[in-house]
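Visitor: Attaching a single structure in structure tokens format; questions to follow.
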RNA sequence: GCCCUCAUCGUCUAUCGGUUAGGACAGGAGAUUCUCAAUCUUCAAAGCGGGGUUCGAUUCCCCGUGGGGGCACCA
């Protein structure tokens, strides 16, 4: 166990989004890399905007992503620790004591019912153009931050600021710093949007007579289209959404690792253990990264492809169960388990994501599958596909026809093609259209085998009629 | 407006002064295949502009431009 202690400190004021997830991930990676401690702290001082629902979302999303926390609220096997409570709403007494300490030291004072942190230095009045009012400023040297990612950053903090609101509630800056002090946090890894708060925080640390921890400000994730950083309202911003859509968490985590970090070589898809081994703060990029759902989808597909068939079927079933009932999903869930598995196994190497499964497998589960008119028109425009289909129908009807293996079906179709001096494809395309309504799907032999003799014969007859 | 920060293909990125500037996603073409995917091959695609420093700058420095963040009794 190293002395490194990092924390992820979300506030439950909205859904858990991808930027927060990456901040959590980088903290977690650093803790795991150093053998340190990953703390989850809930910053719920804003009583107006907090909600229990959002808190649950945070727990669930972190768990789903596999970001287990060593200290923090107890949820399942996560959490615990000797530096609690880990919810700021339960730490009021600690904050009061620390504010008192600042008052005693002459570093805080009351004004307009609120408590302000006092900067030390010569005071003067000046007009602020932005806020259109006269403000009181203090001559202090700029704060120097030796950021682990961005290097040396200087920022001037020249105004006293509120640390306890007039309603008695402590402000973010105060609680954040007090918690980091009392929880012995050694590295503050957070989004770049906090970089400009850091000067306030450094003053506070010094006000408490504590050496500030190391800072590491990670770049932001920008929205895919349009200006600005990714926010909760943007398409693809919510972790929950990926969970519902059947994305694999390991794929999302891998993708997130690569947004602002890389192993230093060409590797992209890599096990989390390798990332943990190689991850370090100086390796994190300094520039913002634009979110790219295509690359995420590709990563997801790559992980999907190497899933064991068994796991894939389990994931698929879970997905179908979560979906609102439709003819396809109900039929799929009502279907024989072995049949469901076989269908899913045919789909696994073909789909880009779990969410494509219902659409991809409609014709396996219902008779209400649509016939793609474009495919039909194109196919029917040349040769005599219906004649081929009739020939195949006869062959399949024969009592000696073996439809129990792909090889047998392939042999049957090939000998038929040879006999009639046409190509295998002449049978394949029209049969596929009759059985599935499209020109995409698993191999025609597998399709016939899995659908089974009865269904196949009925569909071909119906199609010919 | 002020402060901070960043800058390589459309996107994510490699390069720690000397490279035909590499990889991945997306896009084009081809191969393979019973279709569609996957896979493989391949093509196109980048150092924001201007000054320096240097024998030599994508790389170091300055200015500009552009992007991003912040400037609350929100977190």
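Visitor: For the range A:112-143, how many residues are exposed (fewer than 11 other Cβ atoms within 10 Å of the Cβ) and under 16 Å from residue A:171 (Cβ atoms)?
Guide: The number of residues fulfilling the criteria is 2.
Yes/no per residue for (1) within 16 Å of RNA strand B (Cβ to nearest atom); (2) in contact (Cβ under 8 Å) with a residue 60 or more places away in the chain:
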residue	(1), (2)
A:277	no, yes
A:281	yes, yes
A:288	yes, yes
A:295	yes, no
A:299	yes, no
A:315	no, yes
A:322	no, yes
A:326	no, no
A:334	no, no
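Visitor: Of the residues A:72, A:79, which single one is within 16 Å of RNA strand B (Cβ to nearest atom) and within 26 Å of residue A:257 (Cβ to Cβ)? Give the steps one after another, and end with the answer.
Guide: On the way: A:79 fails: within 16 Å of RNA strand B (Cβ to nearest atom).
The match here is A:72.
Visitor: Also, quick follow-up: Could you tell me which residue of the range A:134-171 is farthest from the chain's Cα centre (by Cα), considering only residues that are over 17 Å from residue A:203 (Cβ atoms) and touching a residue at least 60 places away in the same chain (Cβ under 8 Å)?
Guide: A:169
Visitor: Out of the helices (runs of 4 or more DSSP H) lying entirely within the range A:371-424, which hold 2 or more residues that are under 46 Å from the mean Cα position of the chain (by Cα)? Write out each step before concluding.
Guide: Numbers: elements: A:373-380, A:385-397, A:406-419.
In the range A:371-424, A:373-380, A:406-419 are the helices (runs of 4 or more DSSP H) which contain 2 or more residues that are under 46 Å from the mean Cα position of the chain (by Cα).
Visitor: Still on this structure, please answer the following. Restricting attention to the range A:21-43, report how many residues are within 13 Å of RNA strand B (Cβ to nearest atom), within 19 Å of residue A:252 (Cβ to Cβ) and surrounded by 23 or more Cβ atoms within 10 Å (Cβ to Cβ). Please lay out each step first, then the result.
Guide: Kept after step one, since they are within 13 Å of RNA strand B (Cβ to nearest atom), are these residues of the range A:21-43: A:22-23, A:26, A:41-43.
Imposing the further condition that a residue be within 19 Å of residue A:252 (Cβ to Cβ) reduces the set to A:22-23, A:26.
From what is left, the residues that are surrounded by 23 or more Cβ atoms within 10 Å (Cβ to Cβ) are A:22, A:26.
Residues meeting the conditions: 2.
Visitor: Also: Considering each of A:440, A:429 in turn, give the residue that is loosely packed, with under 14 Cβ neighbours inside 10 Å, within 8 Å of RNA strand B (Cβ to nearest atom) and under 23 Å from residue A:373 (Cα atoms). Walk me through it before giving the result.
Guide: Details: A:429 fails: loosely packed, with under 14 Cβ neighbours inside 10 Å.
Answer to the selection: A:440.
Visitor: To continue, here is another question. Would you check which residues across the range A:246-259 are touching a helix residue (DSSP H, G or I) at 6+ places or on another chain (Cβ under 7 Å) and more than 21 Å from residue A:315 (Cα to Cα) and list them? Outline the logic, then answer.
Guide: Step one: list which residues in the range A:246-259 are touching a helix residue (DSSP H, G or I) at 6+ places or on another chain (Cβ under 7 Å), which gives A:246-257, A:259.
A:256, A:257, A:259 - these are the residues of the range A:246-259 that are touching a helix residue (DSSP H, G or I) at 6+ places or on another chain (Cβ under 7 Å) and more than 21 Å from residue A:315 (Cα to Cα).
Visitor: Any idea which of A:163, A:145 is under 30 Å from residue A:284 (Cβ atoms), near RNA strand B (Cβ under 9 Å from one of its atoms) and assigned to a strand (DSSP E or B)?
Guide: Numbers: A:163 fails: under 30 Å from residue A:284 (Cβ atoms).
Checking each option against the conditions leaves just A:145.
Visitor: Report whether or not residue A:243 is more than 14 Å from RNA strand B (Cβ to nearest atom), in contact with a helix residue (DSSP H, G or I) (Cβ under 8 Å, 6 or more places away or on another chain) and over 30 Å from residue A:154 (Cα atoms). Write out each step before concluding.
Guide: Details: more than 14 Å from RNA strand B (Cβ to nearest atom): yes; in contact with a helix residue (DSSP H, G or I) (Cβ under 8 Å, 6 or more places away or on another chain): yes; over 30 Å from residue A:154 (Cα atoms): yes.
Answer is yes for this residue.
Throughout, read-outs are computed from the coordinates displayed, never taken from laboratory work. If you're wondering where the values come from, they're calculated on a predicted model, not measured in any experiment. Heads up, the Cβs are rebuilt from the backbone with ideal geometry, glycines too, and the neighbour counts pull from every protein chain shown.
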